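Please read the structure below before turning to the comments.
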Amino acid sequence: MPPTERPPLVLIIEDEPPIADVLRLYLDRAGYAVAVESDGMRGLAAVRERRPDAVILDVGLPGMDGTEICRRMRAEDDWTPVLFCTARDDEVDRVLGLELGGDDYITKPFSPREVVARVKVALRHAHAPDAGDVLVLGSVTLDRGARRVLVDGKEVALTATEFDLLAYLMRHPGRVITRDHLLEEVWGYASAVGTRTVDVHVAQVRAKLGDASPIRTVRGVGYSAEAA
Ligand code: CA
């Protein structure tokens, strides 16, 4: 980034000081501005006041649960990328789910290097300078310039990752795209995450778009976009 530009602010909401400290260190080294809160209530206040570019959110927090923080952000129409840190693999569907709307997750124990990579991807999604074209498939209209999705003219709120996933599939209608290919194209780090991430995000897009969803499962291969 140019030196005159403000570095992106990453807010870490994490109550275990050793984890918060190491994340701060790595993010700082990667050139980000970093803020840390260790309490859920103060964390939510910091989200509202400091308007971070990305949030790393622990699930178990004193004061207010990480999931509740994300739920409130989304209810307030705040779509800042949220990377959940969870100790439990079975929480993944919930934190990325329809109600909570997280963008990504990482399970503890994690490597700080990987967290930095995820933050980079999240910021890329949020600020992707997309071509200003509009894609239409069945009753779904995807405006890449405005990053909006409409179903029968009514806007549907997608997370940045969900948007990019749908946009990629809709840019290649009728073509079967493998999970690995989607990971590479949408997430940009195929080796670091499991293909389950793709399935979870596809499930969310389908849940949000309902019957209009153009995403078809090609069993054993991947996904394709076709008019519903
Ligand atoms: Ca915790």
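The values are calculated or read from the model by the stated rules, or taken from the named source; none is laboratory data. Since the model is a prediction, treat every value here as computed from it, not as a measurement. For neighbour counting, all protein chains shown are included, and Cβ atoms are generated from backbone atoms with ideal geometry for every residue, glycine included. These area figures cover heavy atoms from the full protein model, side chains too; ligands, DNA and RNA do not enter into them. Shrake-Rupley method; radii C 1.70, N 1.55, O 1.52, S 1.80 Å.
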> Restricting attention to segment 160-172, does a residue exist that is surrounded by fewer than 16 Cβ atoms within 10 Å (Cβ to Cβ), over 24 Å from residue 20 (Cα atoms), among the hydrophobic types (A, V, I, L, M, F, W, C) and touching a residue at least 60 places away in the same chain (Cβ under 8 Å)?
Replying inline: no
>> As an exercise: evaluate residue 86 against (1) away from the ligand (no atom under 16 Å from the Cβ); (2) under 17 Å from residue 14 (Cα atoms); (3) more than 12 Å from the chain's Cα centre (by Cα) and give the number of the one condition it does not meet.
In response: (1)
> How about segment 218-228: which of its residues are under 16 Å from residue 167 (Cα atoms) and of a type outside the set (A, V, I, L, M, F, W, C)?
Replying inline: 222, 223, 224, 226
> Would it be correct to say that residue 20 is out of contact with any helix residue (DSSP H, G or I) (no Cβ under 7 Å at 6 or more places or on another chain) and within 12 Å of the ligand (Cβ to nearest atom)?
Replying inline: yes
> Residues in segment 150-181 that are within 19 Å of residue 81 (Cβ to Cβ), at pLDDT 90 or above and touching a helix residue (DSSP H, G or I) at 6+ places or on another chain (Cβ under 8 Å): how many?
Replying inline: 9
> Hey, any hits in segment 121-128 for a residue that's surrounded by fewer than 17 Cβ atoms within 10 Å (Cβ to Cβ), closer than 19 Å to residue 66 by Cα and modelled with pLDDT under 75?
Replying inline: no
> Do you know which residues across segment 43-64 are surrounded by fewer than 16 Cβ atoms within 10 Å (Cβ to Cβ) and in contact with a strand residue (DSSP E or B) (Cβ under 9 Å, 6 or more places away or on another chain)?
Replying inline: 45, 50, 51
>> Please go through segment 101-115 and give me each residue that is surrounded by fewer than 19 Cβ atoms within 10 Å (Cβ to Cβ) and either away from the ligand (no atom under 15 Å from the Cβ) or not in a loop (DSSP other than H, G, I, E, B) (or both), ordered by number.
In response: 107, 111, 112, 113, 114
> Of the conditions (1) away from the ligand (no atom under 16 Å from the Cβ); (2) touching a residue at least 24 places away in the same chain (Cβ under 8 Å), residue 45 fails just one. Which one is it?
Replying inline: (2)
> Taking segment 23-42, which residues are of a type in the set (Lys, Arg) and either within 16 Å of the ligand (Cβ to nearest atom) or surrounded by 17 or more Cβ atoms within 10 Å (Cβ to Cβ) (or both)?
Replying inline: 24, 42
> Out of (1) hydrophobic (A, V, I, L, M, F, W, C); (2) within 16 Å of the ligand (Cβ to nearest atom); (3) open to solvent by 20 Å² or more (accessible area, probe 1.4 Å), what's the single condition that is false for residue 13?
Replying inline: (3)
>> Taking the conditions exactly as written (surrounded by fewer than 20 Cβ atoms within 10 Å (Cβ to Cβ), away from the ligand (no atom under 16 Å from the Cβ) and part of a loop (DSSP other than H, G, I, E, B)), does residue 6 satisfy them or not?
In response: yes
